[in-house]
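Everything on this sheet refers to the single structure shown next.
The values are calculated or read from the model by the stated rules, or taken from the named source; none is laboratory data. Owing to the predicted nature of the structure, the values given are computational and were not obtained by experimental measurement. Ideal geometry is used to build each Cβ from the backbone, glycine not excepted, and the neighbour counts take in all protein chains shown.
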Amino acid sequence: MAGYQPKKRKMTAEINVVPYIDVMLVLLIIFMVTSPFITQGVDVELPKTQTAKPTSELAEEGDGGFIIVEITKDGSLGVSLNNDPFKRHLSLKEAIVMVRAELSIHPKSVVAVGGDAATPYADVVRVLDQLSQAGIPKVGLLTDVRDK
């Protein structure tokens with residue numbers, strides 16, 4: 001055994017990704033379990049009416065886009081663009097900027113303002129006035145359809 005030399009092995013730099021996959025799967029399960037608890041909108045109790053058009057009908061009149069500005073009873077604003085989750089607790093200026101930006105992309109989108117039934121009328125008028133001053137020509141009001 002005098003001339004025996006062990007083979008030299010090449011060092012390889014490999015990353016074991018199995019622990020990372022385990023952590024990713026645990027995080028995925030956590031997010032899947034907690035996602036139903038995240039609120040997707042502003043809680044607003046809309047006033048009732050009998051002659052209102054459904055939002056699906058209004059969206060067909062435009063180019064399919066629908067912009068909703070909602071006002072809670074405490075006066076905070078939320079904006080939803082094309083049925084996306086509401087962006088909440090916005091200032092009036094931020095809401096108007098979002099609406100104008102969406103209208104510049106989709107000019108035929110329908111804009112609607114919804115206020116909680118307990119929202120002071122002055123808050124709704126203030127939002128409608130500011131949207132009008134911002135150059136938004138046509139704004140509707142959201143209501144619930146009363147059962148007959």
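Each row is one residue, and each column tells you yes or no for (1) over 17 Å from Phe66 (Cβ atoms); (2) touching a Ser or Thr at 6+ places or on another chain (Cβ under 9 Å).
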site: Leu90; (1), (2): yes, yes
site: Glu94; (1), (2): yes, no
site: Lys108; (1), (2): no, no
site: Thr119; (1), (2): yes, yes
site: Val124; (1), (2): yes, no
site: Asp129; (1), (2): yes, no
site: Pro137; (1), (2): no, no
site: Leu142; (1), (2): no, yes
Could you go through segment 42-65 and let me know if any residue there is closer than 19 Å to Lys138 by Cβ and modelled with pLDDT of 75 or more. yes
Pairs where the first residue, in segment 100-127, is more than 21 Å from Gly75 (Cα to Cα) and among the charged types (D, E, K, R) and the second is modelled with pLDDT under 85 and in a helix (DSSP H, G or I), C-beta under 9 Å, 6+ apart: Lys108/Glu61
Quick check: anything in segment 1-23 among the hydrophobic types (A, V, I, L, M, F, W, C) and at pLDDT 90 or above? yes
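State yes or no: is Gly135 at pLDDT 80 or above and loosely packed, with under 14 Cβ neighbours inside 10 Å?
When the stated conditions are applied, Gly135 passes them.
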Regarding segment 78-89, can at least one residue be identified that is touching a Leu at 6+ places or on another chain (Cβ under 8 Å), at pLDDT 85 or above, surrounded by 17 or more Cβ atoms within 10 Å (Cβ to Cβ) and under 23 Å from Ile38 (Cβ atoms)? yes
Please list, ordered by first then second residue, the pairs with beta carbon atoms under 6 Å, 6 or more apart or interchain, first in segment 67-86 and over 18 Å from Val139 (Cα atoms), second of a type in the set (Ser, Thr, Tyr) and part of a loop (DSSP other than H, G, I, E, B). Lys73/Thr119
